[in-house]
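One structure is given here, and the rest of the page talks about it.
The values are calculated or read from the model by the stated rules, or taken from the named source; none is laboratory data. Because the structure is predicted, anything quoted here is derived from the model rather than measured. Methodologically, a virtual Cβ is constructed for each residue, glycine included, from the backbone with ideal geometry; neighbour enumeration extends over all protein chains shown. Side chains are part of the model used for accessible areas, which takes the heavy atoms of the whole protein and leaves out ligands, DNA and RNA. Shrake-Rupley method; radii C 1.70, N 1.55, O 1.52, S 1.80 Å.
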Amino acid sequence: MSELQQSVEAGQAGIDAGARALEAGKLVAFPTETVYGLGADAENPAAVAAIYAAKGRPQDHPVIVHVAPGAALDYWCADIPSEAYQLAEAFWPGPLTMILKRAPNIPDAVSGGQDTVGIRCPSHPVAIRLLQAFKGGRGGVAAPSANKFGHVSPTTAQHVRDEFGDDPRIAAVLDGGQSEVGIESTIVDLSRLQTHGPVLLRPGHISLDAIAAVIDQLPARPDAAAPRASGTLESHYAPHTPVAMQDTATLAATLERLHGAGRKVALIHYSPLPPVHAGIVLPATPDGFAHALYAALRAMDGTGADLILVEAPPQDGAWLGVNDRLRRAAHGSAGIVHGLINNTTEL
Ligand code: TXA
Ligand code: MG
């Protein structure tokens with residue numbers, strides 16, 4: 001944990017107040033090691049409905065249930081395979097979400113009407129203390145990322161406040177500094193293990209190889225019948241400004257042409273490149289890049305640039321999560337670079 005995180009961490013009084021607000025059916029935003037979540041009591045359908053309303057999220061998209069360390073998995077999930085216990089043992093508390101058959105304690109509102117539930121035990125100390133204080137540690141907190149539907153996930157308390165302003169539905173935003181991991185949890189579907197094996201629904205910090213090392217099976221890519229996940233929509237995690245990715249080799253020439261066309265470019269990169277309208281240099285490692293990515297997208301989104309151009313990271317497996325998020329952030333902007341250079345894109 002960074003010094004920054006320790007220095008601004010919500011105190012126990014704030015955490016206890018957050019737990020009481022959750023118990024009273026209110027929404028509380030809280031830090032996790034991946035991104036900030038917008039939490040509600042998972043067993044209170046009206047509170048869960050308020051999350052959907054605040055986010056503008058479609059009703060049939062399920063939310064992840066967060067539990068305290070040592071929580072009884074079988075209270076929330078049914079038909080639990082031994083592999084789920086092995087993965088929980090290896091990676092919890094931590095950035096892994098498992099999709100399992102749901103138990104009757106999960107209301108329809110949480111699972112989006114599906115017969116499964118996503119469950120995870122986060123490792124951020126504020127999240128753990130909140131979950132321990134909430135219903136004496138026996139509750140579940142349903143929480144999507146604390147952003148408007150389709151937008152970039154928040155990695156600081158300020159990002160959450162920027163998303164929701166003073167939305168009266170949100171009783172508190174607990175501050176835990178900047179999320180360490182920076183991209184959302186790895187999601188692995190174990191609900192159809194017998195027939196389909198484990199399936200990776202969303203790549204993240206916990207890699208395919210790390211999962212395979214624990215359960216002796218490499219999770220497969222999703223098939224058509226895999227459970228739905230909004231994080232797997234083609235366009236997601238997107239800033240308001242169009243986003244494009246370019247290989248390092250072509251980036252300098254593209255920048256020159258965009259400059260020639262009078263375009264303002266905000267650049268997110270890791271190689272040395274000439275100065276532009278605005279720019280942020282990110283670490284050239286998968287963990288460092290992921291940690292800083294969403295804050296960089298938000299910062300560049302606020303610069304008034306015509307385009308956010310991202311230097312494409314390497315394609316190898318360690319970058320899977322980062323490349324997945326960048327591809328979705330850029331999805332709605334296909335052809336944008338060409339259009340801006342040739343003056344065929346209206347801004
Ligand atoms: O790191 C994270 O997972 C963060 C923090 C707050 O824990 N949460 C997060 O939640 O990213 P959200 O709702 O923004 O993304 C969760 C994804 C969604 O795409 C949702 O559709 C999927 O998980 N999901 C949740 N429950 C599911 C289920 N039962 N079956 C399939 N997908 C599910
Ligand atoms: Mg989300």
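Here the translational diffusion coefficient of region 244-322 follows from Stokes-Einstein with Rh set to the Kirkwood radius across Cα pairs; for 4 °C and 1.567 mPa s it amounts to 101 µm²/s. Label-to-label distance, residue 253 versus residue 234, with points set 7 angstrom from Cα along the beta-carbon direction: 2.8 nm. With a 10 Å cut-off between alpha carbons and a GNM built on the chain, which of 291, 151, 240 moves the most? Of the options given, 240 has the highest mean-square fluctuation. Surface analysis of region 231-322 yields an accessible area of 43 Å² per residue, using protein heavy atoms and a 1.4 Å probe.
Work out the FRET efficiency for residue 89 and residue 338 from their Cβ-Cβ distance, taking R0 = 56 Å, and round it to the nearest 0.05. Each step should come with its number before you reach the end.
Numbers: r = 50 Å, r/R0 = 0.89.
Step by step, r from the Cβ atoms, then E = 0.65.
Note on the chain: helix-only mean residue ellipticity at 222 nm, from DSSP H runs of 4+ residues weighted -39500 (n - 2.57) and normalised by residue number, equals -10000 deg cm²/dmol.
Stokes-Einstein diffusion coefficient for region 46-197 at 10 °C in a medium of 1.306 mPa s, Rh from the Kirkwood formula over Cα pairs: what value in µm²/s? Estimated via Stokes-Einstein, D reaches 99 µm²/s. Computed over the alpha-carbon atoms, region 199-347 gives an Rg to Rh ratio of 1.01, Rh here being the Kirkwood radius from the mean inverse distance. Principal-axis analysis of the Cα atoms of the chain puts helix 248-260 at an angle of about 60° to the longest axis. Mind telling me which of 184, 311, 256 comes out most flexible in a GNM of the chain, alpha-carbon contacts under 10 Å? Checking each option, the largest mean-square fluctuation is seen for 256. Between residue 23 and residue 46, the simple label model (points 7 Å from Cα in the Cβ direction) yields a spacing of 1.8 nm. For a straight C-alpha distance cut-off of 22 angstrom, the lysines reachable from residue 148 (same-chain residues fewer than eight places away being disregarded) are 26, 55.
Here the scattering of the chain is modelled by Debye summation over its C-alpha atoms, one equal scatterer each and no solvent; at q = 0.11, 0.13 Å⁻¹ the log10 of I(q)/I(0) is -0.71, -0.97.
By DSSP, what percent of the beta bridges with both residues in the chain are antiparallel, rounded to the nearest 5?
Here the antiparallel bridges make up roughly 40 percent for the chain.
Taking the convex hull of the alpha carbon atoms in region 1-118, what volume per residue do you get, in Å³? If you can, show how the numbers build up before the last one.
On the way: hull volume 13.4 nm³, N = 118.
Spread over its residues, the Cα hull of region 1-118 gives 113 Å³ apiece.
Given the options 155, 241, 285, which has the most mean-square fluctuation in a GNM of the chain, springs set between C-alpha atoms less than 10 angstrom apart? Comparing 155, 241, 285 in the GNM, the peak value goes to 285.
Compute the length gained on full extension between residue 225 and residue 79: take 0.36 nm times their separation in residues and subtract their Cα-Cα distance, giving the result in nm to one decimal. Don't jump to the answer; show the numbers that get you there.
Details: separation 146, 0.36 × 146 = 52.56 nm, distance 1.93 nm.
Taking residue 225 through residue 79 to full extension adds about 50.6 nm, to one decimal.
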